[in-house]
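Note sheet for the following structure.
The values are calculated or read from the model by the stated rules, or taken from the named source; none is laboratory data. Please read all numbers here as calculations on a predicted model, not as lab measurements. Virtual Cβ from ideal backbone geometry, glycine too; neighbours counted across all protein chains shown. We work out accessible area using only protein heavy atoms, side chains counted, and drop any ligands, DNA or RNA first. Shrake-Rupley method; radii C 1.70, N 1.55, O 1.52, S 1.80 Å.
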Amino acid sequence: MYDYSKEPRKVIFMIDSKSFYASCESVSLHMNPLKSILIVMSQAENTNGGLVLAASPLAKKLLGVRNVMRKRDVPQDPRLIVVQPRMNYYIQENIRINDIFKQYTPKEDWCPYSIDESLLDMTHSWHLYGESPYEVARKIQLQVKRETGIYLTVGIGDNPLLAKLALDLEAKKSRSLIGEWHYEDVPDKLWPVTELSDVWSIGHATADKLKHLNIHSMEDLAHYNPYKLADKIGKVAGGELFALAWGIDRSIISQRYSVKEKSYSNSQVLPRDYQVRSEIELVIKELADQVASRIRKHRKKARVVSLYVGLSYADHDKGNHGFSRQMKIEPTNNSKELIAHIMTIFRENWHGEVVRNIGVTYGNLIDDTYDQLNLFQSPKDIFKARKVDETMDSIRRQFGFTKLVRLSSLQKGGTAIKRAGLVGGHNGGNSYE
């Protein structure tokens, strides 16, 4: 048995807002999120008719609805309520819920994990609010339910990993919606798990690799030779999996990871297959222009531009997924120049394939503190180009992106106007329009 005496023993809460999108919509309709039969269905063009983003617990239980289920596969049932996503509303509710979390622990010990999950290090504060961590978790649940109508699921652990495992493997199945795991629970609670892909961070591909190594349970993984595991899976991945099987996690929530090199990007799954060159180039130009606006907002210039072009699903079956290329450039944040560089990459690498995904990235950024003069462009032209970009940015910030668009965006194939109201690729408005 592993000696846990030298491992950090904290009080970590991993908190999940249960069926978050569906719960928000249920509350807005004055319904109990655990008793409603409701789904949030995205009908953006790139979902091919509709895609389930979230389903209430009863919709899953009674009708078998699953997240990412296609509209055509959703059971026709008169009890089922179907609503469109409202991403801005969900973000607003997420902020409200996290503001409650921050009442129980210092800001540096709070970490948003996703739009519906948060990590709290309660080690130094839980005793201020109850007799036990379990009691404090219950208080947080009740306060959030009272103020927002949302039910919370809480995993409590000696470290972030154990809290996450307690959340996924115990709390979500518990009547109280609370699970608590300590190092001593690993043999009894984690090792019996045989559906390896149910365990956080183990995907189906990794689970298949482990099964080929005759690892069929978390106990098998914990007792597999770690050196052989590293040799078969990879040094880093093998080490992480071995630590996972023993519940080891030495990360500290207050020590935030800082990205050394920032970049900005936009990507899009197209609403249909694009094969006409002019239509593909139009979308690329729209994305390139939008990312240019973003780096200007942050007063940066790009020294590297990148373009990703993903091909249609039919081409995937043939083993051709597209291309991703980058180019070093003179520092700039001028839309016209950046678009020209991105188009150069596209025209050198596209050979008539059918396109379904496009992504534009600007990286290797520097501060926008000066303009580099050159022999082929007058200072007056440089100043004029900058003023045009700044004026467009100002108008869009004040009145919205769609109030000033390039004429080309009105042509067939343009997507910028339709995407302007989306958040995370889905409807962001606070209405059911």
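Listed values, structure above:
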read-out: Approximate spin-label separation V82-S28, in nm, with each point projected 7 Å along Cα-to-Cβ; value: 1.8
read-out: Debye, to nearest 20: dipole size of the stretch 169-223, +1 on Lys, Arg Cβ, -1 on Asp, Glu Cβ; value: 240
read-out: Neighbourhood net charge (10 Å Cβ-Cβ; Lys/Arg +1, Asp/Glu -1) for Y90; value: -2
read-out: Local electrostatic count, L119, Cβ distance below 10 Å [Lys/Arg +1, Asp/Glu -1]; value: -2
read-out: Listed residues E131, E348 arranged by accessible area, highest first, probe 1.4 Å; value: E131, E348
read-out: Shape category assigned to the stretch 207-312 from the gyration tensor of Cα positions, a/c cut at 1.5; value: oblate
read-out: By average C-beta atoms within 10 angstrom, highest first, the peptides 155-166, 137-148; value: 155-166, 137-148
read-out: ³J(HN,Hα) computed for each position of the stretch 339-350 - Karplus, 6.51 cos²θ - 1.76 cosθ + 1.60, integer Hz, glycine/proline x; value: 4, 4, 5, 5, 5, 4, 4, 4, 5, 7, 10, 8
read-out: Exposure of H341 as accessible area (Å², to 10), given a probe of 1.4 Å and all protein chains; value: 50
read-out: Dimensions (Å) - the stretch 118-215, Cα atoms, principal axes, largest first; value: 48, 29, 21
read-out: Filtered chymotrypsin sites (Phe, Trp or Tyr not before Pro), the stretch 151-207: DSSP coil and at most 15 other beta carbons within 10 Å; value: W200
read-out: Base-10 log of normalised Debye intensity for the stretch 105-158 (one unit scatterer per alpha-carbon) at q = 0.16, 0.18, 0.20 Å⁻¹; value: -0.49, -0.63, -0.78
read-out: Net +/- balance of residues flanking T148 in space, Cβ distance below 9 Å, scoring K and R +1, D and E -1; value: +1
read-out: Distant-in-sequence amide H partners of G322 (H built 1.01 Å from N, under 5 Å); value: L311
read-out: Å² of accessible area per residue within the stretch 101-254, as computed with a 1.4 Å probe and no ligands counted; value: 49
read-out: Chymotrypsin sites (Phe, Trp or Tyr not before Pro) within the stretch 1-77, DSSP loop, no more than 16 other Cβ atoms inside 10 Å; value: Y2
read-out: Estimated Rh, the stretch 134-293: Kirkwood, alpha-carbon pairs, angstrom; value: 19.3
read-out: For the stretch 1-156, fraction of C-alpha pairs farther apart than 26 Å, in %; value: 36
read-out: Viscosity 1.567 mPa s, 4 °C: Kirkwood-radius Stokes-Einstein D of the stretch 209-253 over Cα pairs, µm²/s; value: 122
read-out: Accessible area in the full protein assembly, largest first, 1.4 Å probe, for F399, F242; value: F399, F242
read-out: Spatial extent of the stretch 1-47: Rg and Dmax, with the Cα atoms as the point set, Å; value: 19.6, 55
